[in-house]
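Participant: My questions all concern the structure below.
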């Protein structure tokens, strides 16, 4: 990228994006970090559980990365993100190095998954990229059965417990056939009415949606969104 292009991107970012300051950082594990952001713009924002916030991790570009706010305090003008710092991209690197007092450029909140009508009981299926959404769902209902797939099930279970997501939680190893994940999701649904929320890997979202049509009782509503897909970047 040329210096002129980078300069133009920064000028455009200054006009389009808001600035937030990091006011708290908690390292939950080697791969998870919780960050509190503060901005005057947050006091005027309209947030609903499941909305997204986009962050520019690197100057000189307008490439944004998308995260799910865990909650929103309009009075204080703060929000909180839980990031999974996998890979070696600029966003992962930013979250690994972030410290209190750092500034970042943000855009949002914007509509993504609207959880407000996800009434319990809810079957929540996801992976490491879905943790923040699971936290946001608590603003709507605590009648939730969680089923996660992970590369490190024990590590993710520990992070979830630290965030207060405990009780009806199953964390299974990622597998190509997703057999155990699908079995756990079916068992969590039982035979009564439920809502289904599924996010994370695009292939998993598709598999769970399809499998849910054969559950003893089809979910009364399904909310699904792919956050990432093998070989692709930039999904939000």
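Participant: Extension gain residue 21-residue 143, at 0.36 nm per residue separation less the Cα-Cα distance, in nm? Let's see the in-between values first.
Facilitator: Values: separation 122, 0.36 × 122 = 43.92 nm, distance 3.39 nm.
Difference between extended and current length: 40.5 nm.
Participant: For each of 187, 40, count neighbouring Cβ atoms within 10 Å of the residue's Cβ, then give the residues from fewest to most.
Facilitator: The fewest-first ordering by Cβ neighbours comes to 40, 187.
Participant: While we're looking at this one, here's another question. Pairs of Cα atoms under 8 Å, at least six residues apart: use those to get the relative contact order of the chain, whole percent.
Facilitator: Relative contact order for the chain comes out at 17 percent.
Participant: While we're looking at this one, here's another question. I'd like to know how the stretch 169-231 sits against the 2.2 N^0.38 Å rule of thumb: what's its Cα Rg over that expected value?
Facilitator: 1.08
Participant: Determine the distance separating the Cα centre of the stretch 162-182 from the Cα centre of the stretch 73-91; give it in Å without decimals.
Facilitator: With the stretch 162-182 and the stretch 73-91 each reduced to a Cα centre, they are spaced 23 Å.
Participant: Could you give the distance between the Cα centres of the stretch 33-59 and the stretch 124-149, to the whole Å?
Facilitator: 19 Å
Participant: Estimate the FRET efficiency between residue 88 and residue 180 by the formula 1/(1 + (r/R0)^6), using the beta-carbon distance for r and 30 Å for R0, to the nearest 0.05.
Facilitator: The computed FRET efficiency comes out at 0.55.
Participant: Quick one: angle between helix 153-162 and the longest Cα principal axis of the chain, in degrees between 0 and 90, rounded to 10, please.
Facilitator: With both axes taken from Cα atoms, the answer is about 70 degrees.
Participant: Turning to a different aspect of this structure: Please compute the length gained on full extension between residue 187 and residue 229, using 0.36 nm multiplied by the number of residues separating them and subtracting their Cα-Cα distance.
Facilitator: 12.5 nm
Participant: Report the percentage of all Cα-Cα pairs in the chain whose separation exceeds 25 Å, rounded to a whole percent.
Facilitator: Value for the chain: 42 percent of Cα pairs lie more than 25 Å apart.
Participant: What translational diffusion coefficient, in µm²/s and rounded to a whole number, does the Stokes-Einstein relation yield for the stretch 120-197 at 25 °C and a viscosity of 0.890 mPa s, taking the hydrodynamic radius as the Kirkwood radius over Cα pairs?
Facilitator: 197 µm²/s
Participant: Within 10 Å of each residue's Cβ, count the other Cβ atoms and sort 158, 230 from fewest upward.
Facilitator: 230, 158
Participant: If you don't mind, there's one more thing I want to ask. Just to be sure I understand the model, the point goes 7 Å from the Cα along the line to the Cβ. What's the resulting residue 41 to residue 111 distance in nm?
Facilitator: The modelled label-to-label distance comes out at 2.0 nm.
Participant: When the chain is fully extended, how far beyond the present Cα-Cα distance does residue 102 get from residue 152, taking 0.36 nm per residue of separation? Could you put the intermediate results ahead of the total?
Facilitator: On the way: separation 50, 0.36 × 50 = 18.00 nm, distance 3.01 nm.
Result: 15.0 nm gained on full extension.
Only the coordinates and a few stated rules stand behind these numbers; no lab work does. These figures come from a predicted structure and were not determined experimentally. Cβ: placed from backbone, ideal geometry, glycine included. Neighbour counts: every protein chain shown.
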